[in-house]
1. Looking at TYR171, is it open to solvent by less than 50 Å² (accessible area, probe 1.4 Å), touching a Leu at 6+ places or on another chain (Cβ under 8 Å) and at pLDDT 95 or above?
2. Taking into account only those residues within region 255-290 that are open to solvent by less than 40 Å² (accessible area, probe 1.4 Å) and among the polar types (S, T, N, Q), which is modelled with the highest pLDDT?
3. Based on what the data block shows, is LEU208 out of contact with any Asp or Glu (no Cβ under 8 Å at 6 or more places or on another chain) and either part of a strand (DSSP E or B) or on the phi > 0 side of the Ramachandran plot (or both)?
4. Could you list, in sequence order, the residues of region 262-291 that are among the β-branched types (Val, Ile, Thr) and either touching a Cys at 6+ places or on another chain (Cβ under 6 Å) or under 29 Å from ARG318 (Cα atoms) (or both)?
5. Can you pull out the residues in region 271-322 that are under 24 Å from PHE121 (Cβ atoms) and aromatic (Phe, Trp, Tyr)?
6. Checking GLU127 against (1) free of Cβ contacts under 8 Å to residues at least 60 places away in the same chain; (2) of a type in the set (D, E, K, R); (3) assigned to a loop (DSSP other than H, G, I, E, B): exactly one of these is not met. Which one?
7. I need every pair where a residue in region 229-245 that is within 13 Å of ASN296 (Cα to Cα) and assigned to a helix (DSSP H, G or I) has its Cβ under 6 Å from the Cβ of a residue that is modelled with pLDDT under 95 and of a type outside the set (S, T, N, Q), sequence separation at least 6 or different chains.
Amino acid sequence: MKTQQHFVAAAASAVIASAPLAHAFTSSNGGCSSCSVTVSRHSPLHMAPSYDSIDAQALLELENRISSVIQADPSSPLALSLGRHAPSPLSMEEAAAQNGMPWDTTIGRTDEENPLLYMTFWEWQLEFMQDSLSNLHPIDCSTLSDTDVTFKENKEKRARIVNQCYASDEYRKIRMTYYDAGDSVQVFNSVWYPDPKYNLPVLGIDILSFNRKKYLAIVDFQPLHEDEDDHATTYEHILQPIKEKYDNLKGRMSSKFYDETQFFSKEMLFARFEDGKIVDNDLLPAFKSYVKTHLNLVQSTPPSTNPQDVQAVFDRQRAYDTYSADRD
């Protein structure tokens, strides 16, 4: 989950347009039941036969592909303050309904009664944001070259990806991404950036399903600093009781692919599983609790009024966004 955090899905602009992600997740054989994602920074995403290789490096790269597509240039005229974008002319209702969202049917092949496995996560999060955030408004999801990446579709590959971006008083940017390729792949990914006046971790969410046989989930308060005490408020102690409730979400990513001292907390929810019931029984309630707790943390933390401190936090958020690239 990483940089800009990073966990998942594919750069919406070039992804489905050139189909690298669609190709990666919907291979010609319809998606093998034991496939996993492997990536190279300099080559297209492609499927590998080992599920065990679906790990941090793949997630970081996937997420980085999304974030690099829609990351704003802080020197742009649209940056009203550090990291903030100009509001979209669309209303909340119009933005939420763009491209037919929330979808109720899949573009891909399916044998499932509920083919859009993670749309419940999308709908709950958006409703929570509308009910709980101050001055919530849509912002553009675009590249630095002003390419609109709100929606890409490849009908031949039967895959599509949608991005929606929002901001509020509490968060300078919240990105939501959904990737739909039928039973082959379902992905929900979201990143919540607190306004940099709050020296707090970024909330990162990456939830994937492969062929409805292999599942991968990561939800974390991703720290900006190696030492938790360097944040305005400590937080792992409030996550630990939540995590304790869900034995199925206590896995760990291999240290072969990531540095646990950077941008990952000790209370990260991590799971690889094959029982689809875990999605509703464990993952959904844990996800809701982490989202609510993150907002509570932001709302209970006094904002900084020191411009240097605010700039320092923003710089750490940007470092978080480029973490995977720096590792290559």
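The values are calculated or read from the model by the stated rules, or taken from the named source; none is laboratory data. Everything quoted here is computed from the prediction, not taken from an experiment. Cβ atoms come from the backbone with ideal geometry, glycine included; neighbour counts cover every protein chain shown. Each accessible area value is taken on the protein alone, full model and side chains, heavy atoms only, with ligands, DNA and RNA left out. Shrake-Rupley method; radii C 1.70, N 1.55, O 1.52, S 1.80 Å.
1. yes
2. SER289
3. In short, yes.
4. Passing the criteria: only VAL291.
5. PHE273, PHE287, TYR290, TYR320 - these are the residues of region 271-322 that are under 24 Å from PHE121 (Cβ atoms) and aromatic (Phe, Trp, Tyr).
6. (3)
7. From residues that are within 13 Å of ASN296 (Cα to Cα) and assigned to a helix (DSSP H, G or I), the pairs are LEU239/GLU267.
To keep it simple, each residue is scored yes or no on (1) at pLDDT 95 or above; (2) closer than 26 Å to TYR320 by Cβ; (3) exposed (fewer than 14 other Cβ atoms within 10 Å of the Cβ).
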residue	(1), (2), (3)
ALA86	no, yes, no
ASP104	yes, no, yes
GLY108	yes, no, no
THR120	yes, no, no
ASN135	yes, yes, yes
PRO138	yes, yes, no
ASP146	no, yes, yes
